[in-house]
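Take a look at the structure set out below.
The values are calculated or read from the model by the stated rules, or taken from the named source; none is laboratory data. This structure is a prediction, so every number in the text was calculated from the model and none was measured. Here the Cβ is made from the backbone with ideal geometry for all residues, glycine too, and neighbour counts use every protein chain on show. These accessible areas exclude ligands, DNA and RNA; they are computed on the full protein's heavy atoms, side chains included. Shrake-Rupley method; radii C 1.70, N 1.55, O 1.52, S 1.80 Å.
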Amino acid sequence: MIHDMANVFLSLEPCNGDQIGYDTSENGLYMSHHKELSYSLNPYTSVLKRNAASMMISTLSNDSGDFKRLRRNPSLGESLGSNSTFYSTDNSSSSSSNFSIPRNDSTNSVNSLSLLQPRLHFRDHVWALKQRCLAAEAIEESAADIINQEEQNGEGMKLVQLLITCAEAVACRDKSRASVLLSELRASALVFGTSFQRVASCFMQGLADRLALVQPLGTVGYAATHAMNKTDIALEKKEEALRLLYEICPHIQFGHFVANCSILEAFEGESFIHVVDLGMSLGLPHGQQWRSLIESLANLPGTPPRRLRITAVGQNIEKFEIIGDELEAYARSFSINLEFSAVESNLENLKPKDIKVHDGEVLVVNSILQLHCVVKESRGALNSVLQVIHELSPKILVLVEQDSSHNGPFFLGRFMEALHYYSAIFDSLDVMLPKYDTRRAKIEQFYLAEEIKNIVSCEGPARVERHERVDQWRRRMSRAGFQAAPLKMVSQAKQWLAKVNAYEGFTITEEKGCLVLGWKSKPIVAASCWKC
């Protein structure tokens, strides 16, 4: 099956004509595209004959941290959207021992950029070559996982091939071919079909939206992508779908459970406590996370805290105030004095002075699926938010994020990673809900599909679903001055998972001090804890 899928990917035709330039970052070099990066898998045929090539790379690699980090299997987004550049290989070679990095004769465009860019060394080329080897492996492994549920169905293989061929046509700005492939997808990607047909329908919508923004070949970049104007009806549908997702799937509940356990530990023995909630737990009605915390505080042995403060940060201020009034009344029923306040601000404009911290109170910051929205092409926006949090000196920062690499610089890398990730989520919904259940359709079409379309069709400021893996968050947090506070509650989390009647297939694992909720070994959501 894996080799069959490799043949599917390797059969894709290459795109030509994209200019590629170099840029620099702290971790090395990555490619930035003046046009949308085209992607060809044909060069990987000789890369897959990698025994001798791997020996060559191992010999030439120095002992820098970058090479050591590459020893683990990367996610698709990390491989395809990583700090790398594409080089041609000699496909006529009959042996991988002839594998080499030829010079590029077309140097005019590169020379024009080289005046402004740092010179690349041979080790950079070797590093890039190794990235390509890892990318080929990641594609092969991911393809097998994606169609794992469709092994006995040739239609599953055909649909995977159709999706990726269409994605490549869109990346190459081949409007005529992409339009034909989209027509075929509409006939095969059924909203009420198998789990993979259903997820394919969402990706088909994203590809169609992206194709509408594509400029003709010969022009640079994509048309400006504007944020979608969402009607009140559309927002209501998305809010209802989010509520259903919370009630039916353990993803968000898992984040709330781990966060509350960490917060309770931080508040142990304290009388004046303060929680700053970024995004107010996605704006879910009734403040379920904080109701659970209030109950836990009331049930602690000894005297409950004299005062609990909750500060919500976000732009949906009216909804936050409604939730706050409900929480204050709920806390009074447990004889807890709760003070609720809201700060109307997006995260990028948040200032330390916006959060009022009183003397003698212990502060914690809670972020549930929020910080990925301020991850941009540059790290400035996220660094600014993390700096504000650091200046508040919280006892802990609880970070819960989707554990997948949907923020690579290259479209096809993001596409493949997202297809793998959301296929696992749709597969879990297939187990939990019947095919024609309206709740399932609402979750898929009004919430998950919106995330998928944002990842696939949007660029620039409009692309806010910039999910990243745990390792990347670990690096970002460390650079911002935070230290990991390992979560040691694996057995407790597994007991919780059993209590919420999660279906067989959901797993909880510990990864370098983080807790990860997954579906059949595919990571879905990761929770981590940080201190200043």
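Criterion applied to Pro461, Pro486 was being part of a loop (DSSP other than H, G, I, E, B), of a type outside the set (Lys, Arg) and touching a residue at least 40 places away in the same chain (Cβ under 8 Å), and the one residue passing it is Pro486. Restricting the first member to the range 206-217 and to residues that are among the β-branched types (Val, Ile, Thr), and the second to residues that are at pLDDT 80 or above and in a helix (DSSP H, G or I), the beta-carbon pairs closer than 9 Å and six or more apart or on different chains are Val214/Val170; Val214/Lys175; Val214/Ala178.
Do you know which of the residues in the range 398-423 that are small (Gly, Ala, Ser) and open to solvent by less than 10 Å² (accessible area, probe 1.4 Å) is nearest to Ala189 (Cα to Cα)?
Filtering the range 398-423 for residues small (Gly, Ala, Ser) gives 404-405, 408, 413, 418, 423.
Now drop any that are not open to solvent by less than 10 Å² (accessible area, probe 1.4 Å), which leaves 404, 408, 413, 418.
Details: Ser404: 24, Gly408: 26, Gly413: 21, Ala418: 16 Å.
Ranking the candidates gives Ala418 first.
The set of residues in the range 402-445 being within 20 Å of Ser457 (Cα to Cα), part of a helix (DSSP H, G or I) and among the hydroxyl-bearing types (Ser, Thr, Tyr) consists of Tyr421, Tyr422, Ser423.
Remark: pairs (first residue in the range 409-433, closer than 14 Å to Arg466 by Cβ; second residue buried (at least 24 other Cβ atoms within 10 Å of the Cβ) and of a type in the set (Asp, Glu); Cβ separation under 9 Å; 6+ apart in sequence or on different chains) = Gly413/Glu78; Glu417/Glu78; Tyr421/Asp403. Check the range 361-376 and report whether any residue there is surrounded by fewer than 21 Cβ atoms within 10 Å (Cβ to Cβ) and more than 23 Å from Ser281 (Cβ to Cβ). Within the range 361-376, one or more residues are surrounded by fewer than 21 Cβ atoms within 10 Å (Cβ to Cβ) and more than 23 Å from Ser281 (Cβ to Cβ).
State yes or no: is Ile310 part of a helix (DSSP H, G or I) and either farther than 27 Å from His251 by Cβ or of a type in the set (A, V, I, L, M) (or both)? It would help to see each step written out before you state the result.
On the way: part of a helix (DSSP H, G or I): no; either farther than 27 Å from His251 by Cβ or of a type in the set (A, V, I, L, M) (or both): yes.
In short, no.
Across the range 231-264, the qualifying residues are those that are open to solvent by 30 Å² or more (accessible area, probe 1.4 Å) and among the hydrophobic types (A, V, I, L, M, F, W, C), and the one among them that is nearest to Leu371 (Cα to Cα) is Phe257. Of the residues in the range 268-280, how many are open to solvent by less than 10 Å² (accessible area, probe 1.4 Å), not in a loop (DSSP other than H, G, I, E, B) and not acidic (Asp, Glu)? Residues that pass the stated criteria total 5.
Can you tell which of Pro305, Pro301 is more than 25 Å from Leu242 (Cα to Cα) and open to solvent by 70 Å² or more (accessible area, probe 1.4 Å)? Let's see the steps before the verdict.
On the way: Pro305 fails: open to solvent by 70 Å² or more (accessible area, probe 1.4 Å).
On inspection, the qualifying residue turns out to be Pro301.
The residues in the range 196-215 that are open to solvent by less than 20 Å² (accessible area, probe 1.4 Å), closer than 13 Å to Cys458 by Cβ and in contact with a Ser or Thr (Cβ under 6 Å, 6 or more places away or on another chain) can be counted, and the count is 2.
Total residues in the range 349-360 satisfying the condition of being surrounded by 14 or more Cβ atoms within 10 Å (Cβ to Cβ) and either part of a loop (DSSP other than H, G, I, E, B) or under 28 Å from the mean Cα position of the chain (by Cα) (or both): the figure is 3.
Each residue in the range 281-307 was checked for being within 27 Å of the chain's Cα centre (by Cα), in a helix (DSSP H, G or I) and of a type in the set (A, V, I, L, M, F, W, C), and 2 pass. Could you check how many residues of the range 436-468 are more than 13 Å from Arg414 (Cβ to Cβ) and either open to solvent by 40 Å² or more (accessible area, probe 1.4 Å) or at pLDDT 95 or above (or both)? Number satisfying all stated conditions: 17. Pro394 falls short on exactly one of the conditions (1) at pLDDT below 95; (2) assigned to a loop (DSSP other than H, G, I, E, B), and that condition is (1). The residues of the range 378-397 that are open to solvent by 40 Å² or more (accessible area, probe 1.4 Å) and in contact (Cβ under 8 Å) with a residue 60 or more places away in the chain, listed by number, are Arg379, Asn383, Gln387, His390, Ser393, Lys395.
Does Ser333 qualify as being open to solvent by 70 Å² or more (accessible area, probe 1.4 Å) and more than 21 Å from Ser262 (Cβ to Cβ)? Yes.
Only residues that are out of contact with any strand residue (DSSP E or B) (no Cβ under 6 Å at 6 or more places or on another chain) and not hydroxyl-bearing (Ser, Thr, Tyr): list them for the range 260-280, please.
Going residue by residue through the range 260-280, those that are out of contact with any strand residue (DSSP E or B) (no Cβ under 6 Å at 6 or more places or on another chain) are 260-261, 264-265, 268-269, 271.
Hits for the range 260-280 are Asn260, Cys261, Leu264, Glu265, Glu268, Gly269.
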